[in-house]
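Values quoted throughout were computed directly from the atomic coordinates according to the rules given, and no laboratory measurement underlies them. Since this is a predicted model, take the numbers as computed values, not measurements. Counting neighbours? That spans all protein chains shown, and the Cβs are built from the backbone with ideal geometry, glycine included.
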Amino acid sequence: MKIQNHDFLLFAGPCSLESEEHIKTSFEFLAKLPLTAVRCSIFKARTSHKSFQGAGLKHLGLIKSLKESLNLKLVTEVTRPSQIESLVDIVDIFQVGARNMFNYELLKDLASCKQPILLKRSFAASIDEWISASQYLKSENVILCERGIRTFETKTRNTFDINAIAYLKQNESFPVIADPSHGTGIKNLVTPIALASIHAGADGLIIETHENPSKALSDAEQALSFKEFEDFVLKTLPEHLKLAGKTILTDF
Ligand code: PEP
Ligand code: MN
């Protein structure tokens with residue numbers, strides 16, 4: 001995947017894929033918008049073992065057929081090496097989540113995949129540790145994603161480190177994207193932090209959206225409704241991307 005300076009990567013979707021109906025409704029909605037790829041989890045790495053762990057492999061056939069019929073690309077998280085084989089044919093970009101950034105064995109296995117790897121920052125990783133983790137992968141295949149770090153502040157789910165975006169853009173050559181959904185954990189903060197990230201130099205965004213946010217099986221508080229997400233993409237985003245000199249990459 002060749003990402004140019006003017007490309008903007010817009011990844012969006014529900015935190016987790018849930019039922020068949022939920023997958024169909026979500027994909028059909030997302031296919032109508034200018035996105036780089038749908039981003040949603042099939043496997044989840046949850047802090048509590050009691051939380052929804054993801055639908056797993058059971059909907060892979062449906063996901064594959066919707067991807068093809070709607071001409072969508074897919075970003076999804078791989079939580080352990082043994083999942084790579086089942087996902088490799090339907091995934092366009094593998095996500096490594098914050099909890100797995102330090103899982104070097106997973107990174108070593110992903111290094112031989114042809115797909116780009118979206119490497120999220122661990123909530124306890126310095127920028128240097130994050131870059132070191134990325135060096136397990138092929139450098140031309142890495143997309144870094146700032147998703148907030150843990151600080152003493154508890155009002156928000158994480159503290160979004162906007163410095164990291166500006167720093168990496170000025171000092172490294174990787175594409176760097178922002179995840180204001182996990183970075184804040186609060187849906188009303190998603191738009192301001194998304195826009196701040198664009199103006200700090202981010203090459204893209206991950207935004208979580210759900211048909212019925214209060215019913216989402218994971219990350220309900222940070223999900224934008226479909227209407228809120230559509231307004232963000234069609235009404236808010238264009239003028240900011242114009243100022244930043246970027247255009248949403250819709251084909252790669
Ligand atoms: C996610 O992307 O849905 C997720 C679990 O994020 P993180 O790994 O950043 O916590
Ligand atoms: Mn999530």
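Once a ≥ b ≥ c are taken as the square roots of the eigenvalues of the Cα gyration tensor of the stretch 109-211, is the result rounded (a/c under 1.5), prolate (a/b larger than b/c) or oblate (a/b not larger than b/c)?
In terms of gyration-tensor shape, prolate.
Can you compute the charge dipole magnitude of the stretch 98-252 about its Cα centre, using +1 on each Lys and Arg Cβ and -1 on each Asp and Glu Cβ, nothing else charged? Give it in debye, rounded to the nearest 20.
Dipole magnitude for the stretch 98-252 comes out near 80 debye.
What ranking, highest mean first, results for peptides 174-183, 63-72, 117-126, 145-154 when packing means the other Cβ atoms within 10 Å averaged over each residue?
Ranking the peptides 174-183, 63-72, 117-126, 145-154 by packing returns 174-183, 117-126, 145-154, 63-72.
When only Cα pairs under 8 Å and 6 or more residues apart are kept, what is the percent relative contact order across the chain?
Relative contact order of the chain: 21 percent.
Sticking to Cα atoms, compute the Rg of the stretch 167-252 to one decimal and its Dmax as the biggest Cα-Cα distance, whole number, in Å.
Rg and Dmax of the stretch 167-252, Cα atoms, are 13.4, 41 Å.
Size of the dipole of the stretch 209-252 about the Cα centre, Lys and Arg at +1 and Asp and Glu at -1 on the beta carbon, nothing else charged, in debye to 20?
160
Report the Rg/Rh value for the chain, based on alpha-carbon coordinates and the Kirkwood definition of Rh.
0.92
Going down the table (Lys32/Lys58; Lys73/Lys187; Lys64/Lys215; Lys187/Lys235; Lys32/Lys138; Lys64/Lys187), which pairs top 27 Å between alpha carbons?
In this structure, Lys32/Lys138; Lys64/Lys187 lie more than 27 Å apart at Cα.
So if the hydrodynamic radius of the stretch 60-104 is defined as the Kirkwood radius over C-alpha pairs, what does Stokes-Einstein give as its diffusion coefficient at 25 °C and 0.890 mPa s, in µm² per second?
After rounding, the answer is 216 µm²/s.
For the chain, what is the percent of antiparallel DSSP beta bridges, rounded to the nearest 5?
Taking every DSSP beta bridge with both residues in the chain, the antiparallel ones total about 5 percent.
Could you tally the net charge around Phe226, taking each other residue with its Cβ under 12 Å from the Cβ of Phe226, Lys/Arg +1 and Asp/Glu -1?
-4
Ranking Thr159, Thr36 by Cβ neighbours within 10 Å, fewest first, what do you get?
Arranged by neighbour count, lowest to highest, Thr159, Thr36 become Thr159, Thr36.
Let me check the size of the stretch 27-162 from its C-alpha atoms; what are the radius of gyration and Dmax in Å?
Computed over the Cα atoms of the stretch 27-162, radius of gyration and Dmax are 15.5, 46 Å.
Just want to confirm a number: the relative contact order over the stretch 125-252, from Cα pairs under 8 angstrom separated by 6+ residues, in percent.
19
Rounded, prolate or oblate, given the Cα gyration tensor of the stretch 1-79, with a/c below 1.5 counting as rounded?
Oblate, since a/c reaches 1.5 and b/c is not below a/b.
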